[in-house]
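Structure first, then comments.
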Amino acid sequence: QVQLVESGGGLVQAGGSLRLSCAASGGIFSNYAMGWFRQAPGKEREFVAAISRSGKSTYYADSVKGRFTISRDNAKNTVYLEMNSLQPEDTAVYYCAAAGRVALPTSSGRYDYWGQGTQVTVSS
């Protein structure tokens, strides 16, 4: 089974940037579409971004479009989320996830494996 470990979260001021990383093991990384989700206190888990197996296709939630960039390095079994122009409403626990047999999923139920999450806090 696939294991995912996120890193790179932390505290940043509004307008700042962070890059999250997710290292995968236990499977053939290029067989999985990858996604990022986030969950703030009292809210449902929210889709953020997804990337196809090859990395050629991406999709973003409207709330992060133009500010966040998802990418992957299949040689390193790693997916990234570059976050720019961060705002307090971006504060959440961020999770990476892996999906088999689905091209570019945006729903959490379509993902098969999940990381433990990493906290991102944006101060004003």
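Going 7 Å from the Cα of residue 43 toward and past its Cβ, which residues in the stretch 52-73 have a backbone nitrogen under 20 Å from where you end up?
59-70
Dividing the alpha-carbon radius of gyration of the stretch 41-124 by 2.2 N^0.38 Å (N being the number of residues), what value is obtained?
For the stretch 41-124, the normalised Cα radius of gyration is 1.09.
At 0.36 nm per residue, and after removing the present C-alpha to C-alpha distance, how many nm does the segment from residue 121 to residue 13 gain when stretched out fully?
38.0 nm
Would you mind telling me the share, in percent, of accessible area of the stretch 49-124 contributed by carbon and sulfur at probe 1.4 angstrom?
About 44 percent, which is the carbon plus sulfur part of the accessible surface.
What percent does the relative contact order of the chain come to when contacts are Cα pairs within less than 8 Å and at least six residues apart?
RCO, the chain: 36 percent.
Would you mind getting the accessible area per residue of the chain, heavy atoms of the protein chains only, 1.4 Å probe, in Å²?
51
Cβ under 15 Å from residue 55's Cβ, residue 55 left aside: what net charge do those residues give with Lys, Arg +1 and Asp, Glu -1?
Around residue 55, the charge tally is +2.
Net charge near residue 101: determine it from the other residues with C-beta under 11 Å of the C-beta of residue 101, scoring Lys and Arg +1 and Asp and Glu -1.
+1
All other residues with a Cβ under 13 Å from the Cβ of residue 79 taken together, and with Lys, Arg as +1 and Asp, Glu as -1, what is their net charge?
+1
Roughly speaking, what is the centre-to-centre gap between the stretch 99-124 and the stretch 51-98 when only Cα atoms are used, to the nearest Å?
9
The values are calculated or read from the model by the stated rules, or taken from the named source; none is laboratory data. Every value quoted in this text rests on a predicted model; they were computed, and no experiment measured them. We place every Cβ from the backbone using ideal geometry, glycine too, and count neighbours over all the protein chains shown. Areas reflect the complete protein model, heavy atoms only, side chains present, ligands, DNA and RNA absent. Shrake-Rupley method; radii C 1.70, N 1.55, O 1.52, S 1.80 Å.
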